[in-house]
Amino acid sequence: MSWRPQYRSSKFRNVYGKVANREHCFDGVPITKNVHDNHFCAVNAKFLAIVTECAGGGAFLVIPLEQTGRVEPNYPKVCGHQGNVLDIKWSPFVENVIASCSEDTSVRIWEIPEGGLKRHMTEAVLELYGHSRRVGLIEWHPTTNNILFSAGYDYKILIWNLESGEPVKMIDCHTDVILCMSFNTDGSLLATTCKDKKLRVMEPRSGKVLKDVSCKNHRVNRVVFLGDMKRLLTTGVSRWNTRQIALWDQEDVSMPLMEEEIDGLSGMLFPFYDVDTHMLYLAGKGDGNIRYYEITTEKPYLNYLMEFRSPAPQKGLGVMPKHGLDVSACEVYRFYKLITLKGLIEPISMIVPRRSDTYQEDIYPMTPGIEPALSPEEWLSGINKDPVLMSLKEGYKRTSKVIYKAPMKEKKRVLVNGIDLLENVPPRTENELLRMFFRQQDEIRRLKDELNQKDVKIRQLELELKNLHNSSKPK
């Protein structure tokens, strides 16, 4: 009997990436040149938000999705931060509300008017101060309304209740900068990666670390929960400095289930997981390609499908929520690719080729919708619920009925667990001490220059007074 290769049947085997026409792209966008390892882009069914290059503070654009084409240089911005904006995320339940975090140590909540901005927006509906250093990451809770997580360079994660505008919990188990946060489907578990080379799985309400592992052979950068499979996937760097992915059992993270080297490039690998199709997308920062795989519960766990290739390198990628996809074109995923060199935002649709024009129920199962499953009080009391599901066949154009009302309150102190976060500052790193030293030296030089100028003016005034006195004497 002759040997035959084993082929695996999959309805996603022929998925391909389709780049939008130039008139459906967003051109002339001054994309930020910040080297922070974030996407600098957030998308929902109404708006596209992009962090921009800006002098004197931080700003980002919010563009309605239908306003494609060239963006005017004087297009209105959201520009209330005093430092560079490092991360932006749309609320999963209120489509006009976006959160941002910045180097100015603040997290801000903005409410975008219907139809987009007509003038610059400088006043946020809510300003959250609790971190003592810059804030690098924010994440919304996947099933609870008005619960936001923020991670700062003070090694802390704060949980904010946006209905009261106060932090309700501080997670203080990390010993270095937090690189990534990811929730499981119902938001009962939080996974984090850290610069201390540890992967942690914790209960977010109590902050109790359930599982942790120090990754020596696989230096983790990013982590993502794989839906209800009770698996975690991380991207990172191997001991030979090659890009690598690893699959972990959620219940036992002592050893990875599998590790696979991707390539020898240096850009960070960003993982994107589609819960509905069980597809994993890997996009490297500075690359032009996007690899995609299908995840299974049985070995070999990871099945390579195909690769989307492009010559233009990507700085970051925004992802459209499921209810914003074009189901008539069998679109299962959509990226918004940031191309800094061209100032271009390029939509890339991942499409399953089908001959029929009817609704394809096998590739569009019930998916998490835009209705929250829990209120902040219910979640804080210990209740967990799966997300409220919706069908894309009839309800994908339905608008959310949830409305956000910001609390009218001023806060001077931020107390969590009896600790004032604004007073308890962690020890500074060597780079921060050097920056502080150089700033102080510049300030000393400036003050000396001012004193010298004042001395010159005083001497001039004394000379004028002496001349005046001499001229007034009788001869």
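Quick rundown of the values:
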{"read-out": "For peptides 280-291, 40-51, sequence by mean Cβ density within 10 Å, most packed first", "value": "40-51, 280-291"}
{"read-out": "DSSP-defined beta bridges in the chain - what % are antiparallel, rounded to 5", "value": "95 percent"}
{"read-out": "Rounded to whole Hz, the Karplus (6.51, -1.76, 1.60) HN-Hα couplings of region 136-151, x for glycine and proline", "value": "x, 9, 9, 9, 7, 5, x, 10, 10, 6, 6, 10, 10, 10, 10, 10"}
{"read-out": "Tensor-based shape of region 265-341 (alpha-carbon gyration tensor, a/c under 1.5 rounded, otherwise prolate or oblate)", "value": "oblate"}
{"read-out": "Accessible area (Å², per residue) of the chain, counting only protein heavy atoms and a probe of 1.4 Å", "value": "51 Å²"}
{"read-out": "Members of Lys77/Lys393; Lys156/Lys198; Lys322/Lys385; Lys198/Lys342 lying beyond 26 Å, as alpha-carbon distances in this model show", "value": "Lys77/Lys393; Lys198/Lys342"}
{"read-out": "Sequence of Trp379, Trp240, Trp140 from largest to smallest accessible area, 1.4 Å probe", "value": "Trp240, Trp140, Trp379"}
{"read-out": "Cα gyration tensor shape of the chain, rounded if a/c is under 1.5, else prolate or oblate by comparing a/b with b/c", "value": "prolate"}
{"read-out": "Degrees between helix 430-472 axis and first principal axis of the chain (Cα, 0 to 90, nearest 10)", "value": "20 degrees"}
{"read-out": "Carbon/sulfur fraction of accessible area - region 16-395, other protein chains in place, 1.4 Å, %", "value": "48 percent"}
{"read-out": "Relative contact order for the chain, counting Cα pairs under 8 Å that sit 6 or more residues apart, in percent", "value": "14 percent"}
{"read-out": "Burial order of peptide ranges 320-327, 57-64, 252-259 (average beta-carbon count within 10 Å, highest first)", "value": "57-64, 320-327, 252-259"}
{"read-out": "Per-residue SASA entry for Lys198, accessible area with 1.4 Å probe, Å² rounded to 10", "value": "60 Å²"}
{"read-out": "The chain - mean residue ellipticity at 222 nm from DSSP helices (-39,500 (n - 2.57) per run, n ≥ 4, rounded to 500)", "value": "-3500 deg cm²/dmol"}
{"read-out": "Sequence-distant aspartates and glutamates (8 or more away, or on other chains) whose Cα lies within less than 13 Å of Lys211", "value": "Glu203, Asp249, Glu251, Asp252"}
{"read-out": "For region 100-150: rounded, prolate or oblate by the Cα gyration tensor [a/c cutoff 1.5]", "value": "oblate"}
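The values are calculated or read from the model by the stated rules, or taken from the named source; none is laboratory data. Please read all numbers here as calculations on a predicted model, not as lab measurements. Neighbour counts run over all protein chains shown; Cβ positions are idealised from the backbone, glycine included. Please note that ligands, DNA and RNA were not included when accessible areas were found on the heavy atoms of the full protein model with its side chains. Shrake-Rupley method; radii C 1.70, N 1.55, O 1.52, S 1.80 Å.
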